[in-house]
Number of protein chains: 2
Amino acid sequence: MSFVEGLQCRECGRRSEARAVHVCEDCFGPYEVVYDYAALRRTVTREKIATGPRNVWRWADLLPVDKPVTGFHSGNTPLRRADRLAEVLGCSELYIKDDSANYPTYSYKERVVSVAISKAVEFGFDTVGCASTGNLANSVAAHAAAAGLQCFVFIPHDLEQGKVVGSQVFGPSVVRIKGNYDDVNRLCSEIADKYGWAILNVNLRPYYTEGAKTFGYEIAEQLGWKLPKHTILPVAGGTILPKVHKAYQELIDLGLVEDSNGGSRFYAAQAAGCNPVVTAIEKNIDVIVPQKPRTIAKSIAIGNPADGFYVYNAIKQSGGHGASATDQEIVDAIRLLATTEGIWTEPAGGTTLAAAIKLIKSGRIPKDESIVIGITGNGLKTIETLGGSLPDSEPIGASLNEFDRRLNGKASIEEAVLAGAI
Amino acid sequence: MSFVEGLQCRECGRRSEARAVHVCEDCFGPYEVVYDYAALRRTVTREKIATGPRNVWRWADLLPVDKPVTGFHSGNTPLRRADRLAEVLGCSELYIKDDSANYPTYSYKERVVSVAISKAVEFGFDTVGCASTGNLANSVAAHAAAAGLQCFVFIPHDLEQGKVVGSQVFGPSVVRIKGNYDDVNRLCSEIADKYGWAILNVNLRPYYTEGAKTFGYEIAEQLGWKLPKHTILPVAGGTILPKVHKAYQELIDLGLVEDSNGGSRFYAAQAAGCNPVVTAIEKNIDVIVPQKPRTIAKSIAIGNPADGFYVYNAIKQSGGHGASATDQEIVDAIRLLATTEGIWTEPAGGTTLAAAIKLIKSGRIPKDESIVIGITGNGLKTIETLGGSLPDSEPIGASLNEFDRRLNGKASIEEAVLAGAI
């Protein structure tokens, strides 16, 4: 049973029943799902949650779906205490929330797609789709295949190979668009209207975005029902950050965590080549000025983020901030995370870690407080980003002599490694 | 506390204390770990297991490690009821055990590496390594990075890009060898001897292989403490199949599952271009004749499998069989699994499904009995395998008109898709 009361416009407050609509008929503001929190307060306890499944539907009471049809292995990703990385950064309590492990297509998008596809089926749609920078397309294609739904995904023409093949393999219609994500997104609005399809992040957006809350719920439960003092997340269209903020607020309201020290501060990470939200935060002006993206972090290259304003608000409300990362800083951060923690993320994750490093070094995030860095995508999809930057060496013959020579006669292996012989 | 009694030679039965040795000093047979099963029978119950962690260490009592140092998010992968695939194949009860989701490097190797690295640290090694066709190297590199160990991985020179970068990113010394896996493996034996390193799948092999049992334990628990009637697994070096067979036997011996109908039958899947074990099975002769591999399924292209003989034995003992798949059948099976179940596997997984299809079609595996297909690796690492075979189309401009034209004026979307317009 769902606790949904209906939709409410985030701008003018107009109420509506829950249906496949995302924009307020009065003021064109975005609709958001509202719940019966009084009933939730009576129903949802830590004990009840503990008996739930270990996937996104553990949080079903707090999601706008009556009958889940997919996502039974999505969510429940690792929260890893990252002590080796923390040592490099001089921090005392650092965690990685690792959605590069999310199933089945290895990004945080499984969360929003599990909810949105289930809702689409509930509404009676038989065709689902999305506008995507890659990860969302992968996820929609995989979940749609498993659910037996017809599927169209729309992507910019110049995505990484892993993300293109990673949609095509599941058998949807993959439509490449000459343009950037913002062009694709505009086209998808028109397509949703004309063809009556469930374009999950367009006309099902109020339901879709709710799925992102599970990222925050999991962090709190995994920390033993505590909130971290600082949460750093990447910003693309602006879904995840405000929704994790909402998730923390809901947990406080429902009495599931204590709001000690005024809750968690939120921080936005963007690539320097596409940072409309961080620019607004730094200028302290709540107007997001669109940009033309130019960055290797293609999955977050959204110049005109649908929910950028709400990212800004959540950050200011929480007392947080933002930071941008250059392409080189992104690659360096990917490598740092991989070599210290054995986690390989895509450029979006590199951006988030690079931004976290800046915020920690500048003193904005104190080193002695708990910090969660949100990793939202997997490095296997963006191999070309690293291809040239990693140490490589010529093959040797399959003989001990050749290996000895490669070690170069150094007294110790350590010396040989340091000397760059290996 | 570990229940290990020591090592025992699989050939002559010689006993040894548990140490970093893999070959019997008397007869050169392989050592295997033996346990105090009487004590295990008194200790291990379904209830005790249910309170354990949700990772490979859930099975710590049945593994040869005192103090785990890695693998705390490895294992515990989905067992998925595959009804859409089953419908295509005409089966009634089909499951995919999906180690393409295994963490942190998305193959079944996390299981053996978690055990072997923990054991290496216990033995006092500070350098770990492996001979690998890619997945093992990825896993060793990632776990070693997270554990702060020095690491060397040895791979054939011609692996897929995803597997090469997927090791390099974690910062080990990646040594490419001019030759195939069997050449790499021979060299690694010499290196282990000369340098005193823990080459996990060579001199720590008795401990390493035990980790593969967790694949089988999980299947049984996920089926509600039942064994499937039929289990199909890929064969490369020959680790996983005999160890899953052993896992099932142990569960029967410990009274954790019932041995109804004489246990589970095992089936080997190999690529037609490298099928020494399947050839032996088909000829019904327990001699594995080495081959020169020639297949797109590089991760299982091992022409001279270390434990091929034990694969043969387990299959014959269980009443199972084997089947081979051509490169085209492998690609077709990858696409079938992706489009029906939303699971993207590498060629090894395509091989396993293709072999299963043959065994089902030929009647060797009855359609009305429970079947588990073991998927051991992830398609994201082998993009080049599919690159050319998937439907693709030219980008269109970002306008509704262009999309309408792409749909080609067909009366319905279904028609347009069928006509190949999308």
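Considering region A:138-161, the residues that are under 23 Å from A:His73 (Cα atoms) and surrounded by fewer than 24 Cβ atoms within 10 Å (Cβ to Cβ) include one that is farthest from the other protein chains (Cβ to nearest Cβ), namely A:Leu149.
Residues being modelled with pLDDT under 85, within 11 Å of another protein chain (Cβ to nearest Cβ) and loosely packed, with under 13 Cβ neighbours inside 10 Å: count how many of those fall in region A:389-419.
First pass over region A:389-419, keeping only residues modelled with pLDDT under 85: A:408-419.
Within this subset, residues satisfying the condition of being within 11 Å of another protein chain (Cβ to nearest Cβ) are A:412-414, A:416-417.
Add one more test, that the residue is loosely packed, with under 13 Cβ neighbours inside 10 Å, and what stays is A:412, A:414.
Result for region A:389-419: 2.
When region A:195-216 is filtered for residues that are surrounded by fewer than 23 Cβ atoms within 10 Å (Cβ to Cβ) and assigned to a helix (DSSP H, G or I), only A:Tyr195 remains. Does B:Leu251 meet the test of being in the same structural domain as B:Ala131 (by TED's automatic domain parsing), of a type in the set (A, V, I, L, M) and surrounded by 23 or more Cβ atoms within 10 Å (Cβ to Cβ)? No; evaluated as a whole, the condition is false for this residue.
Go through B:Ile191, B:Ile232 for me and flag whichever is within 15 Å of B:Gly374 (Cβ to Cβ) and at pLDDT 95 or above.
On the way: B:Ile191 fails: within 15 Å of B:Gly374 (Cβ to Cβ).
From the options B:Ile191, B:Ile232, the qualifying one is B:Ile232.
Residues in region B:176-189 that are more than 7 Å from chain A (Cβ to nearest Cβ), surrounded by 23 or more Cβ atoms within 10 Å (Cβ to Cβ) and not hydroxyl-bearing (Ser, Thr, Tyr): B:Asn185, B:Cys188. Annotation: B:Arg41 fulfils all but one of (1) in contact (Cβ under 8 Å) with a residue 24 or more places away in the chain; (2) more than 18 Å from B:Val244 (Cβ to Cβ); (3) part of a loop (DSSP other than H, G, I, E, B); the unmet one is (3). Scanning region B:343-388 for residues that are assigned to a helix (DSSP H, G or I), of a type in the set (Gly, Ala, Ser) and within 14 Å of chain A (Cβ to nearest Cβ) yields B:Gly349, B:Gly350, B:Gly379, B:Gly387, B:Gly388.
With respect to A:Ala192, determine if the residue is in the same structural domain as A:Thr351 (by TED's automatic domain parsing), surrounded by fewer than 24 Cβ atoms within 10 Å (Cβ to Cβ) and either under 21 Å from the mean Cα position of the chain (by Cα) or over 23 Å from B:Ile383 (Cα atoms) (or both).
For A:Ala192, the condition - in the same structural domain as A:Thr351 (by TED's automatic domain parsing), surrounded by fewer than 24 Cβ atoms within 10 Å (Cβ to Cβ) and either under 21 Å from the mean Cα position of the chain (by Cα) or over 23 Å from B:Ile383 (Cα atoms) (or both) - is not met.
For region B:389-401, name all the residues that are part of a helix (DSSP H, G or I) and in contact with a helix residue (DSSP H, G or I) (Cβ under 9 Å, 6 or more places away or on another chain).
We begin by selecting, within region B:389-401, every residue part of a helix (DSSP H, G or I); these are B:389, B:400-401.
Scanning region B:389-401 gives B:Ser389, B:Leu400.
When the test is whether a residue is within 25 Å of A:Glu346 (Cβ to Cβ) and within 14 Å of chain B (Cβ to nearest Cβ), A:Val202 passes it. In region A:264-288, how many are surrounded by fewer than 19 Cβ atoms within 10 Å (Cβ to Cβ) and touching a helix residue (DSSP H, G or I) at 6+ places or on another chain (Cβ under 6 Å)? Within region A:264-288, residues that are surrounded by fewer than 19 Cβ atoms within 10 Å (Cβ to Cβ) and touching a helix residue (DSSP H, G or I) at 6+ places or on another chain (Cβ under 6 Å) number 1. Can you find, within region A:1-23, the residue that is farthest from A:Glu258 (Cα to Cα) among those that are within 26 Å of the chain's Cα centre (by Cα) and free of Cβ contacts under 8 Å to residues at least 24 places away in the same chain? In this case the residue turns out to be A:Val23.
Would you confirm, using the coordinates I've provided, whether B:Asn135 is crowded, with 21+ Cβ neighbours inside 10 Å, more than 10 Å from chain A (Cβ to nearest Cβ) and either acidic (Asp, Glu) or in contact with a Gly (Cβ under 9 Å, 6 or more places away or on another chain) (or both)?
Values: crowded, with 21+ Cβ neighbours inside 10 Å: yes; more than 10 Å from chain A (Cβ to nearest Cβ): yes; either acidic (Asp, Glu) or in contact with a Gly (Cβ under 9 Å, 6 or more places away or on another chain) (or both): yes.
Criteria met by B:Asn135.
Any chance region B:76-92 includes a residue that's surrounded by 24 or more Cβ atoms within 10 Å (Cβ to Cβ) and more than 11 Å from every other protein chain (Cβ to nearest Cβ)? Checked against the condition, which is being surrounded by 24 or more Cβ atoms within 10 Å (Cβ to Cβ) and more than 11 Å from every other protein chain (Cβ to nearest Cβ), region B:76-92 yields no hits at all. Checking the condition surrounded by fewer than 23 Cβ atoms within 10 Å (Cβ to Cβ), closer than 22 Å to B:Gly129 by Cβ and modelled with pLDDT of 95 or more, which residue from B:Pro68, B:Pro104, B:Pro64 passes? Going through B:Pro68, B:Pro104, B:Pro64 in turn, just one is surrounded by fewer than 23 Cβ atoms within 10 Å (Cβ to Cβ), closer than 22 Å to B:Gly129 by Cβ and modelled with pLDDT of 95 or more: B:Pro68. Taken together, the residues in region A:116-131 that are over 22 Å from A:Leu7 (Cα atoms) and free of Cβ contacts under 8 Å to residues at least 60 places away in the same chain amount to 1.
Looking only at region A:62-75, decide whether some residue is in contact (Cβ under 8 Å) with a residue 60 or more places away in the chain and closer than 30 Å to A:Pro366 by Cα. Within region A:62-75 (the criterion being in contact (Cβ under 8 Å) with a residue 60 or more places away in the chain and closer than 30 Å to A:Pro366 by Cα), the answer is yes, since at least one residue qualifies. Taking the conditions (1) surrounded by fewer than 24 Cβ atoms within 10 Å (Cβ to Cβ); (2) within 14 Å of chain A (Cβ to nearest Cβ); (3) aromatic (Phe, Trp, Tyr) in turn, B:Trp225 satisfies each one other than (2). Considering the conditions (1) surrounded by fewer than 16 Cβ atoms within 10 Å (Cβ to Cβ); (2) assigned by TED's automatic domain parsing to the domain that holds A:Glu341; (3) in contact with a strand residue (DSSP E or B) (Cβ under 9 Å, 6 or more places away or on another chain); (4) not aromatic (Phe, Trp, Tyr), A:Ile96 is excluded by exactly one of them, (1).
The residues on offer are A:Ala101, A:Ala120, and the sole one that is of a type outside the set (D, E, K, R) and over 17 Å from B:Tyr106 (Cβ atoms) is A:Ala120.
The values are calculated or read from the model by the stated rules, or taken from the named source; none is laboratory data. It should be emphasised that the depicted structure is a prediction, and the values quoted were computed from it without experimental measurement. A quick note on method: Cβ atoms are made from the backbone with ideal geometry, for glycine too, and the neighbour counts reach across all protein chains shown.
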